[in-house]
Amino acid sequence: MAGKNHAHATVGLYWKFAGILCFITFIEWAVFKSDTFRSNAKMMVPLLLGLSAIKFVMVCGWYMHLRYDPSVLAKMFGFGLGLAALVYTIMHLAL
Amino acid sequence: MSAEVVHHTVTGIDNRKFGMWVLIASECFLFGGLILNYLVNRDRGLVGPKAVDIFNIDITTLSTFDLLMSSVAMVLALHACQQHDIKKFRFWTTMVILGGIIFLGFQYFEFHHFVHAGLGLSTNVFGSSFYLLTGCHGLHVFVGVLWLTSMLVTSFVRGKDWFPSVQLEVAGLYWHFVDVVWILLFTVVYLFVYL
């Protein structure tokens with residue numbers, strides 16, 4: 001909303017999130033390199049998807065300010081994402 | 001300080017920002033389709049190298065770090081702009097641009113390596129779908145770099161009293177979306193290579 005001050009995150013929080021995002025990426029890399037996980041897709045897939053989802057939520061929620069902005073924006077983004085996921089699921093089941 | 005024109009809208013959200021979110025929602029379809037196309041075709045290449053033969057996860061992890069850091073620089077640039085701190089605004093905007101250029105450099109290096117390894121755009125359907133997906137993302141990064149460069153140049157042309165908070169926030173939304181897409185691509189395309 002132009003012209004209004006939002007209670008956005010502080011600079012310190014942005015840096016903390018940067019550290020967490022890098023750490024998660026490092027964990028992803030380590031999981032990929034690990035023979036234990038590489039040979040066990042049932043463990044690897046949900047773990048990597050979960051880590052990726054955490055990064056996704058952190059960037060969207062705080063860096064893109066969805067957490068602080070009017071909920072209509074989050075709904076619109078969620079609609080786009082949801083529809084894309086639905087199309088993917090249908091195609092995946094059909095193929 | 002340049003006076004930013006505040007438009008009163010039905011939604012209460014600046015139209016430029018709202019428009020960017022509409023674009024982002026529609027881009028979800030674009031990348032959703034391209035990711036689906038890649039996942040369907042990645043194992044269907046009959047000739048040429050496969051993903052598992054040529055992907056270099058170490059390099060891709062470095063480029064992921066780079067893009068994540070450019071997102072941090074983006075929020076810091078916006079914060080500085082809102083605080084009317086011209087030096088930090090210009091510094092962090094430059095860092096975002098550099099981050100984007102470095103990412104594109106990584107992508108050029110990766111594509112160059114793949115082509116030398118025998119995977120061209122038309123070698124097989126894996127190559128076609130891979131280059132289409134990551135190339136489309138790279139094109140988005142390139143557009144973001146151009147956009148932010150134009151804002152940085154404008155900042156020097158218009159002087160130290162120009163603080164385009166809303167414009168930078170809209171450009172930032174675009175940049176973060178490009179980062180979010182890469183978070184997905186890093187996992188789905190690169191880390192799931194053995195699946």
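A short reminder: the numbers here are calculations on the coordinates, not readings from a lab. Predicted, not measured: the structure shown is a model, and the values here were computed from it. Please note: Cβ atoms are built from the backbone with ideal geometry, for glycine as well, and neighbour counts cover all protein chains shown.
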#### Entry: Single residue of the stretch B:176-191 satisfying the filter (more than 7 Å from chain A (Cβ to nearest Cβ) and more than 14 Å from B:C28 (Cα to Cα)) that is surrounded by the most Cβ atoms within 10 Å (Cβ to Cβ)
B:F186
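Would you say B:I35 is within 8 Å of chain A (Cβ to nearest Cβ) and either surrounded by 17 or more Cβ atoms within 10 Å (Cβ to Cβ) or in a helix (DSSP H, G or I) (or both)?
Values: within 8 Å of chain A (Cβ to nearest Cβ): yes; either surrounded by 17 or more Cβ atoms within 10 Å (Cβ to Cβ) or in a helix (DSSP H, G or I) (or both): yes.
For B:I35, the condition - within 8 Å of chain A (Cβ to nearest Cβ) and either surrounded by 17 or more Cβ atoms within 10 Å (Cβ to Cβ) or in a helix (DSSP H, G or I) (or both) - is met.
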### Task
Find the residue count for the stretch B:58-68, including only residues that are buried (at least 20 other Cβ atoms within 10 Å of the Cβ) and aliphatic (A, V, I, L, M).
2
### Query
Does the stretch B:154-166 contain at least one residue that is closer than 21 Å to B:A25 by Cβ and touching a residue at least 60 places away in the same chain (Cβ under 8 Å)?
yes
### Message
Looking only at the stretch A:14-36, how many residues end up being farther than 15 Å from B:S70 by Cβ, within 10 Å of chain B (Cβ to nearest Cβ) and not aliphatic (A, V, I, L, M)?
### Response
6
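Condition first: of a type in the set (A, V, I, L, M) and within 12 Å of chain A (Cβ to nearest Cβ). Now tell me which residues in the stretch B:153-167 satisfy that.
Step one: of the stretch B:153-167, the residues of a type in the set (A, V, I, L, M) are B:153, B:157, B:166.
B:V166 - this is the single residue of the stretch B:153-167 that is of a type in the set (A, V, I, L, M) and within 12 Å of chain A (Cβ to nearest Cβ).
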### Task
Could you tell me which residue of the stretch A:13-70 is surrounded by the most Cβ atoms within 10 Å (Cβ to Cβ), considering only residues that are among the basic types (K, R) and touching a helix residue (DSSP H, G or I) at 6+ places or on another chain (Cβ under 8 Å)?
A:K55
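Per-residue answers, yes or no, for (1) out of contact with any Pro (no Cβ under 6 Å at 6 or more places or on another chain); (2) over 25 Å from B:I24 (Cα atoms); (3) buried (at least 22 other Cβ atoms within 10 Å of the Cβ):
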residue	(1), (2), (3)
B:N124	yes, yes, no
B:C136	yes, no, no
B:G144	yes, no, yes
B:L152	yes, no, no
B:G172	yes, no, yes
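Please go through the stretch B:72-102 and pick out each residue that is away from chain A (no Cβ under 14 Å) and buried (at least 19 other Cβ atoms within 10 Å of the Cβ).
Of the stretch B:72-102, the ones away from chain A (no Cβ under 14 Å) are B:86-87, B:90, B:93-94, B:97-98, B:100-102.
Result: B:T93, B:I97, B:G100.
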### Query
Mind checking whether some residue in the stretch B:39-49 is surrounded by fewer than 22 Cβ atoms within 10 Å (Cβ to Cβ), in a helix (DSSP H, G or I), within 11 Å of chain A (Cβ to nearest Cβ) and of a type in the set (V, I, T)?
yes
### Task
Evaluate the stretch B:84-99: report whether one residue or more is part of a helix (DSSP H, G or I), of a type in the set (K, R) and without any contact (Cβ under 8 Å) to a residue 60 or more places away in the chain.
yes
### Query
Listed residues A:V45, A:V59, A:V31; which is under 16 Å from the mean Cα position of the chain (by Cα), more than 24 Å from B:A171 (Cβ to Cβ) and not aromatic (F, W, Y)?
A:V45
